[in-house]
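Asks: After the structure tokens below, expect a handful of questions from me.
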Amino acid sequence: MRLPRGVVVAALTTLAVVTQTTLFQRVPQVAPDLVMVLVISLALTRIRPELVLVVAFLAGLLVDLLGSLLLGLRAVTLTVVAYAAVRTRDRAEIGRPAIAVWAGLLSLAGVALMALIGAIFGEVSLLGPDVARRMLVAPLANLVLAALLAPLIQRLVDGDPSAVRLM
């Protein structure tokens, strides 16, 4: 028996938000953005693009409510990243290496957007001496995670056994 797509997406989103705000919050220097990887990976599924944007906004809002950053910062960032992912998903559907590079570039744009919006609104915790390292480490970690998790997420959400392929 297969679970409805909405239940699978809600469970994956809850798992990503809880993991991001508890486990990865303890090591912020090298932590990947698991929620961003999930949102980018959901853009590859057969979910309607509008729902991907809604999931991105709600997941970002949940992370904002559970975190200590400016309320709405991650929600706006994830929504913009989800929009870019939905608009460019056809460029990533050729295999895992393309998915990884695509997710890494979208993550880099998301981290830069978060730093820019945070700087505009005076969020000093996003800036500092390690901002350049964070701008590189998080997208690289997301690149590796997306290569591993995107086909699995696609298979779980769509029920497509051909989604998990090596190349």
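Asks: Using the alpha-carbon atoms, what tilt in degrees (0 to 90, nearest 10) does helix 96-120 show relative to the longest principal axis of the chain?
Replies: So the inclination is approximately 30 degrees.
Asks: Would you compute, from DSSP H runs of 4+ residues alone, the mean residue ellipticity of the chain at 222 nm, taking -39500 (n - 2.57) per run and dividing by the full residue count, rounded to the nearest 500?
Replies: My calculation for the chain gives -23500 deg cm²/dmol from helical runs alone.
Asks: Based on the Cβ-Cβ distance from residue 14 to residue 109, what FRET efficiency comes out when R0 is 25 Å, to the nearest 0.05?
Replies: 0.50
Asks: Let me ask something additional. In whole Hz and in residue order, list the ³J(HN,Hα) couplings for segment 142-155 that follow from phi through the Karplus curve 6.51 cos²θ - 1.76 cosθ + 1.60, θ = phi - 60°; x for Gly and Pro.
Replies: So the Karplus estimates, Gly and Pro as x, are 5, 4, 5, 4, 5, 4, 7, 9, 4, x, 5, 5, 4, 5 Hz.
Asks: Here's another thing I want to ask about it. Who wins for biggest fluctuation among 146, 59, 84 in a Gaussian network model of the chain, springs between alpha carbons below 10 Å?
Replies: Between 146, 59, 84, it is 84 that shows the largest mean-square fluctuation.
Asks: Using DSSP to call loops (not H, G, I, E or B), can you name the chymotrypsin sites (Phe, Trp or Tyr not before Pro) in segment 35-123 whose Cβ has at most 12 other Cβ atoms within 10 angstrom?
Replies: Filter output for segment 35-123: 121.
Asks: By how many nm would the segment from residue 94 to residue 51 grow when fully extended, if each residue of separation counts as 0.36 nm and the alpha-carbon distance is taken off?
Replies: Gain on stretching residue 94 to residue 51: 13.1 nm.
Asks: Right, next: Could you give the radius of gyration (one decimal) and Dmax (whole number) of the Cα atoms in segment 5-163, in Å?
Replies: Values for segment 5-163 (Cα only, Rg and Dmax): 14.5, 46 Å.
Asks: Something else: Report relative contact order for the chain in percent, whole number only (criteria: Cα-Cα under 8 Å, sequence separation at least 6).
Replies: About 28 percent, as a whole number.
Bear in mind that the values in this text are calculations on the coordinates, not laboratory data. These numbers were taken from a predicted model, which means no experiment stands behind them. As a convention, Cβ positions derive from the backbone with ideal geometry for all residues, glycine included, and neighbour counts pool all protein chains shown.
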